[in-house]
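Since the structure comes first, as structure tokens, the remarks are kept for the end.
The values are calculated or read from the model by the stated rules, or taken from the named source; none is laboratory data. Note that the structure is a prediction, hence the values are computed from the model and not measured. Note that each Cβ is placed from the backbone with ideal geometry, even for glycine, and that neighbours are counted across all protein chains shown.
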Amino acid sequence: AQSVAQPEDQVNVAEGNPLTVKCTYSVSGNPYLFWYVQYPNRGLQFLLKYITGDNLVKGSYGFEAEFNKSQTSFHLKKPSALVSDSALYFCAVSRGSTLGRLYFGRGTQLTVWP
Amino acid sequence: GAVVSQHPSRVICKSGTSVKIECRSLDFQATTMFWYRQFPKKSLMLMATSNEGSKATYEQGVEKDKFLINHASLTLSTLTVTSAHPEDSSFYICSARDLQDYNSPLHFGNGTRLTVT
């Protein structure tokens with residue numbers, strides 16, 4: 001079975017500091033990994049994905065994520081947080097053969113304070 | 001970029017009535033669309049997979065007679081909440097993937113806030 005764990009419900013960071021939002025996954029076969037962001041009362045916006053290739057993936061708005069196969073992790077990072085980054089972040093996984101059917105983590109609320 | 005339009009963004013209805021939510025892919029075709037439900041401060045729960053020209057596939061525990069899904073064309077899927085009750089109040093989000101780009105991510109609509117009074 002496929003699953004995603006986001007161990008932190010909430011992450012707080014000061015503006016200008018680096019941020020990390022954690023994600024670990026469990027999937028049979030090769031994982032397709034995604035990060036999405038959701039602002040209040042809105043749908044999800046795609047940030048980045050890992051399918052194959054370089055373990056470090058760069059995405060929108062300065063975010064990046066590192067795929068670590070041995071630790072089955074795909075943590076989201078940004079070198080310098082902005083107040084406008086405050087939102088709900090979701091990690092998701094699908095198996096390569098069922099791309100499109102995503103399994104989501106429970107979400108992590110990121111708050112960046114000025 | 002690919003855009004998914006969801007309408008209405010917000011709807012209030014009385015208990016016992018039915019509500020239809022539309023999901024359109026504006027600049028791409030999608031044989032498959034997905035309907036999610038999101039509870040406050042909770043993750044997204046996949047309700048069903050909408051397949052163009054065939055019956056939707058419902059997740060376990062989702063009542064298919066209550067949540068009617070129709071995918072009549074490659075750009076439109078609809079979710080009808082029939083005989084709505086207050087417990088159906090939630091945030092419903094649709095998503096779709098570009099048929100022409102196998103590796104493209106899912107694109108999400110902006111969601112529909114349903115309130116049943």
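A few notes on this one:
- Lone qualifier among A:R106, A:R101 - being assigned to a loop (DSSP other than H, G, I, E, B), touching a residue at least 24 places away in the same chain (Cβ under 8 Å) and touching a Lys or Arg at 6+ places or on another chain (Cβ under 9 Å): A:R106
- If you go through the stretch A:40-50 and pick out every residue that is surrounded by fewer than 16 Cβ atoms within 10 Å (Cβ to Cβ) and either in contact with an Asp or Glu (Cβ under 9 Å, 6 or more places away or on another chain) or facing another protein chain (nearest Cβ under 7 Å) (or both), you end up with 1.
- Some residue of the stretch A:100-112 being touching a helix residue (DSSP H, G or I) at 6+ places or on another chain (Cβ under 8 Å) and within 14 Å of another protein chain (Cβ to nearest Cβ): yes
- Residues that are loosely packed, with under 15 Cβ neighbours inside 10 Å, out of contact with any strand residue (DSSP E or B) (no Cβ under 6 Å at 6 or more places or on another chain) and hydrophobic (A, V, I, L, M, F, W, C) within the stretch B:2-35 comprise just one, B:V3.
- Qualifying residue in the stretch A:21-39 (condition: modelled with pLDDT under 95, out of contact with any His (no Cβ under 8 Å at 6 or more places or on another chain), within 11 Å of chain B (Cβ to nearest Cβ) and more than 22 Å from B:D101 (Cβ to Cβ)): yes
- Options B:V81, B:V62; residue that is more than 13 Å from every other protein chain (Cβ to nearest Cβ), in contact with a helix residue (DSSP H, G or I) (Cβ under 6 Å, 6 or more places away or on another chain) and either within 19 Å of B:A2 (Cα to Cα) or among the aliphatic types (A, V, I, L, M) (or both): B:V81
- Residues in the stretch B:9-30 that are under 14 Å from the mean Cα position of the chain (by Cα) and under 26 Å from B:L99 (Cβ atoms) were compared, and the one that is modelled with the lowest pLDDT is B:A30.
Matching residues to (1) of a type outside the set (S, T, N, Q); (2) in contact with an Asp or Glu (Cβ under 8 Å, 6 or more places away or on another chain); (3) more than 21 Å from A:Q2 (Cα to Cα):
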| position | (1), (2), (3) |
| --- | --- |
| B:I21 | yes, no, yes |
| B:M47 | yes, yes, no |
| B:K55 | yes, no, yes |
| B:Q60 | no, no, no |
| B:K64 | yes, no, yes |
| B:I69 | yes, no, yes |
| B:T78 | no, yes, yes |
| B:A84 | yes, no, yes |
| B:D88 | yes, no, yes |
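- Positions within the stretch A:58-97 being in contact (Cβ under 8 Å) with a residue 40 or more places away in the chain and assigned to a loop (DSSP other than H, G, I, E, B), in sequence order: A:Q71, A:T72, A:P79, A:S80, A:A81, A:L82
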